[in-house]
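As structure tokens, the structure follows; a few thoughts come after it.
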Amino acid sequence: MRRVRAAAAPQELDEEQLLRRVARGDRVAFEELYRRTSPWLAVRLRRRCADEQMVAEVMQETYLAVWRAAGSFAGSGAGGSAVGWLWTIAARRLVDAFRRRAHHADPPPAAAPHPVAPAAEEEALLSTVGGDVGDALGRLAPELRDVLRAMVLDGLSVRETAVVLGLPEGTVKTRARRARIAMREALA
């Protein structure tokens, strides 16, 4: 006689297993994934954007995308993690939201040009890292700073950083190396 093993409860599964179930349309697994990941995802998004409405919209778009595309998650066998995949989706949605906002913003009057203010992300980054390190970060080229931010502050892998920034992995590695060298020289 063959015994049928009961399926594990969603609370007993890791995020990758939850995503596999979500791909099969399991709403309970989706709710558990949301319960586990939404608090840290919201915190990470708020580090990059102070607009609560935009963060809420990005969260909604992210989890809708997860529900629709969970089957496309390649898994740890392909070098990715479930939370990394989720963050990649959220980061892309945040960039899209910033672009939409910039596209719909009224241009400043030409007669009164305003000095260019640093982006909210830049201000947040520089305020979290102060002193000589903050000054050195502020002097880095934006493309180097973006790679450092993704890899160091956000804790993304080279692959995840490449996906988020839309760059080849080799470019990410090169920029990370150049950023480390520039930081070392600035802090010496």
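The values are calculated or read from the model by the stated rules, or taken from the named source; none is laboratory data. All figures in this text were calculated on a predicted structure; none of them were measured in a lab. Counting neighbours? That spans all protein chains shown, and the Cβs are built from the backbone with ideal geometry, glycine included. Note: areas computed on protein heavy atoms with side chains; ligands, DNA, RNA excluded. Shrake-Rupley method; radii C 1.70, N 1.55, O 1.52, S 1.80 Å.
Kindly evaluate PRO118 against the criterion of being of a type outside the set (Asp, Glu), at pLDDT below 70, assigned to a loop (DSSP other than H, G, I, E, B) and under 24 Å from ARG180 (Cβ atoms). So PRO118 fits the description; yes.
Restricting ARG47, ARG21, ARG36 to those that are more than 29 Å from PHE98 (Cα to Cα) and part of a helix (DSSP H, G or I) reduces the list to ARG21.
From the set of residues in region 35-68 that are among the small types (Gly, Ala, Ser) and in contact (Cβ under 8 Å) with a residue 12 or more places away in the chain, which is farthest from GLN11 (Cα to Cα)?
Just the residues of region 35-68 that are among the small types (Gly, Ala, Ser), to begin with: 38, 42, 50, 56, 65.
Okay, now just the ones that are also in contact (Cβ under 8 Å) with a residue 12 or more places away in the chain, so 38, 42, 50, 65.
On the way: SER38: 15, ALA42: 21, ALA50: 32, ALA65: 22 Å.
Restricting to residues being among the small types (Gly, Ala, Ser) and in contact (Cβ under 8 Å) with a residue 12 or more places away in the chain, the top hit is ALA50.
Consider region 23-61 and keep the residues that are acidic (Asp, Glu) and open to solvent by 70 Å² or more (accessible area, probe 1.4 Å). The one that is nearest to ARG149 (Cα to Cα) is GLU52. Screening region 133-188 for helices (runs of 4 or more DSSP H) wholly inside it with 1 or more residues that are among the polar types (S, T, N, Q) returns the ranges 158-165, 169-187.
For region 152-188, the tally of residues that are within 23 Å of VAL43 (Cα to Cα), of a type outside the set (Val, Ile, Thr) and open to solvent by less than 50 Å² (accessible area, probe 1.4 Å) stands at 5. Taking the numbered list (1) part of a loop (DSSP other than H, G, I, E, B); (2) modelled with pLDDT of 90 or more in turn, LEU64 passes all entries but (1). Residues that are open to solvent by 50 Å² or more (accessible area, probe 1.4 Å) and among the hydroxyl-bearing types (Ser, Thr, Tyr) within region 62-96 comprise SER72, SER76, listed in sequence order.
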